Amino acid sequence: MAKDEEDDLLPDKDAAKGFYAKYEPKEILGRGISSTVRRCIEKETGKEFAAKIIDLGATTESGETNPYHMLEATRQEISILRQVMGHPYIIDLQDVFESDAFVFLVFELCPKGELFDYLTSVVTLSEKKTRTIMRQIFEGVEYIHAKSIVHRDLKPENILLDENHNVKITDFGFAKQLQEGEKLTNLCGTPGYLAPETLKCNMFEGSPGYSQEVDIWACGVIMFTLLVGCPPFWHRKQMVMLRNIMEGKYSFTSPEWADISEDPKDLIRKCLVVDPSQRITVKEVLRHPFFNQMLRKQSRFNARKKFQFAILVIRAIIRIRRLRFTAEPLHVEEAIRDPYRVKVLRKVIDGCAFRVYGHWVKKGEGQNRAALFENTPRTELHALYINNLSR
Ligand code: ADP
Ligand code: MG
């Protein structure tokens, strides 16, 4: 972007003297509907931060402009941020500046950016890496829920990574603190991550409303997406996707799942339970075997099992030694017919697709990421293909 153009986007400098006196704004790190996030430098210390500059006069999602409403919403975001900050996996708010037209929120900087972009660059995460990231997310969510707060917009775009690749949950713009037993009814969040009870609130009168359980559902969607690269409920037609969500219709049938163990699948199943009262809670999540592999390994001594394990290890070592001389048999016909079933080829195909089409993956919805993984022909194309073959 040209320098002049960038300067035009900066708010009126007189309006927030305090901010500009203390910080020097730099390049844009991200944008939302009514906010721009820029890297900035604290003049006195030279330390880097991220400033979220909220335009109170911006048009909201519903198409209206209401500075008073925006200010109220921002104040609520600030109040929640102040309650949850201080946790290692939640973003720290360093400073706030308020003017008539803009609010400046100065956060700790997350130099490694969004989890969304990290996932796009690596296509899928290993079980081990998923365990590390998801444990941190769930620990952050546990802290948020313990304060009776519901985040309502958990998704890889709102999960940032710090210098050491540790998670920082951010964007508390939709977060809400609940009174004892209070339920919410308004539709907010991002389509692919919405829980069934949130959708039902807006479709059926007399729905009981929703609360913290929606965050666990969203975490289930995130975990599914991290492991295989595409989201669980995706469909080209959004209405079908929303119906799939309400029915909890997803599966572990794509070829990627064949290489993934039972523990993460079990945890995802427990997060993506349609009935919120039956859904796993964050405390139970953190006790799940997926996060407690060590506990599993420390089971009581069993001589027979130990012996069987020793034999297994020896056989494995012999096989690995032999592998050096005998490559894994790969039938050319099989690879031509269904290359996606072969793990190495699948990695190459997905990697190429992301290198060529990765920029198509749009933020804010996370849905067309799934289009890159669509490896079965569309019905209409499939029919055409069959017709051509039979001619
Ligand atoms: P919005 O409510 O408009 O979605 P966010 O708080 O989610 O605003 O910020 C928008 C984007 O700005 C994020 O998705 C991220 O890319 C970037 N961003 C926000 N905060 C930081 C930060 N502390 N460090 C680095 N990038 C950030
Ligand atoms: Mg956001």
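The values are calculated or read from the model by the stated rules, or taken from the named source; none is laboratory data. Computed from a predicted model, the values in this text were never measured in an experiment. Every residue, glycine among them, receives a Cβ derived from its backbone with ideal geometry; neighbour counts consider all protein chains shown.
Of the numbered criteria (1) under 19 Å from the mean Cα position of the chain (by Cα); (2) part of a helix (DSSP H, G or I); (3) surrounded by fewer than 14 Cβ atoms within 10 Å (Cβ to Cβ), the one Arg269 fails is (3). Residues that are over 23 Å from Leu154 (Cβ atoms), away from ligand 2 (no atom under 16 Å from the Cβ), assigned to a strand (DSSP E or B) and at pLDDT below 95: does the range 30-41 have at least one? The answer is no; no qualifying residue exists.
Scan (1) within 16 Å of ligand 2 (Cβ to nearest atom); (2) surrounded by 24 or more Cβ atoms within 10 Å (Cβ to Cβ) for the single condition Cys188 breaks and write down its number. Just one mismatch for Cys188, condition (2).
Residue-wise test of (1) surrounded by fewer than 16 Cβ atoms within 10 Å (Cβ to Cβ); (2) more than 16 Å from ligand 2 (Cβ to nearest atom).
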| residue | (1), (2) |
| --- | --- |
| Gly46 | yes, yes |
| Ile53 | no, no |
| Leu93 | no, no |
| Val96 | no, yes |
| Ser121 | yes, yes |
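Just one of (1) surrounded by 12 or more Cβ atoms within 10 Å (Cβ to Cβ); (2) at pLDDT below 85 fails for Lys3. It is (1).
A quick yes/no check of all residues on (1) under 21 Å from the mean Cα position of the chain (by Cα); (2) free of Cβ contacts under 8 Å to residues at least 40 places away in the same chain:
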site	(1), (2)
Ala21	no, yes
Gly46	no, yes
Ile53	no, no
Ile78	no, yes
Ile90	yes, no
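Would you call Glu262 of a type outside the set (Ser, Thr, Tyr), under 20 Å from Tyr193 (Cβ atoms) and exposed (fewer than 12 other Cβ atoms within 10 Å of the Cβ)? Spelling it out, it is not the case that Glu262 is of a type outside the set (Ser, Thr, Tyr), under 20 Å from Tyr193 (Cβ atoms) and exposed (fewer than 12 other Cβ atoms within 10 Å of the Cβ).
Out of Ile149, Ile133, Ile159, one residue alone is farther than 21 Å from Gly248 by Cβ, among the aliphatic types (A, V, I, L, M) and within 16 Å of ligand 2 (Cβ to nearest atom). It is Ile159.
Could you run through the range 80-104 and say how many residues are in a helix (DSSP H, G or I) and either farther than 20 Å from Leu160 by Cα or within 12 Å of ligand 1 (Cβ to nearest atom) (or both)?
Summing the residues that are in a helix (DSSP H, G or I) and either farther than 20 Å from Leu160 by Cα or within 12 Å of ligand 1 (Cβ to nearest atom) (or both) in the range 80-104 gives 1.
So Phe233 clears everything in (1) aromatic (Phe, Trp, Tyr); (2) farther than 24 Å from Val167 by Cβ; (3) touching a residue at least 24 places away in the same chain (Cβ under 8 Å) except one condition, right? Which one? Checking Phe233 against (1) aromatic (Phe, Trp, Tyr); (2) farther than 24 Å from Val167 by Cβ; (3) touching a residue at least 24 places away in the same chain (Cβ under 8 Å), the one that fails is (2).
For the range 55-83, taking the residues that are within 16 Å of ligand 2 (Cβ to nearest atom) and among the β-branched types (Val, Ile, Thr), the one that is farthest from Gly113 (Cα to Cα) is identified as Thr60. Residue pairs whose Cβ atoms lie under 6 Å apart, sitting 6 or more positions apart in sequence or on different chains, and linking a residue in the range 189-218 that is of a type in the set (S, T, N, Q) to a partner that is assigned to a helix (DSSP H, G or I), are Thr198/Val214; Ser207/Lys200; Ser207/Cys201; Gln212/His145. Filtered by the rule that a residue be more than 16 Å from ligand 1 (Cβ to nearest atom) and touching a helix residue (DSSP H, G or I) at 6+ places or on another chain (Cβ under 9 Å), the range 134-148 gives Met134, Arg135, Phe138, Glu139, Val141, Glu142, Tyr143, His145, Ala146, Lys147.
Scanning the range 23-40 for residues that are surrounded by fewer than 16 Cβ atoms within 10 Å (Cβ to Cβ) and more than 10 Å from ligand 1 (Cβ to nearest atom) yields Glu24, Lys26, Glu27.
In contact (Cβ under 8 Å) with a residue 24 or more places away in the chain, away from ligand 1 (no atom under 13 Å from the Cβ), crowded, with 19+ Cβ neighbours inside 10 Å and part of a loop (DSSP other than H, G, I, E, B), is that true of Thr130? So that I can check it myself, show each step before the final result.
Details: in contact (Cβ under 8 Å) with a residue 24 or more places away in the chain: yes; away from ligand 1 (no atom under 13 Å from the Cβ): yes; crowded, with 19+ Cβ neighbours inside 10 Å: yes; part of a loop (DSSP other than H, G, I, E, B): no.
In short, no.
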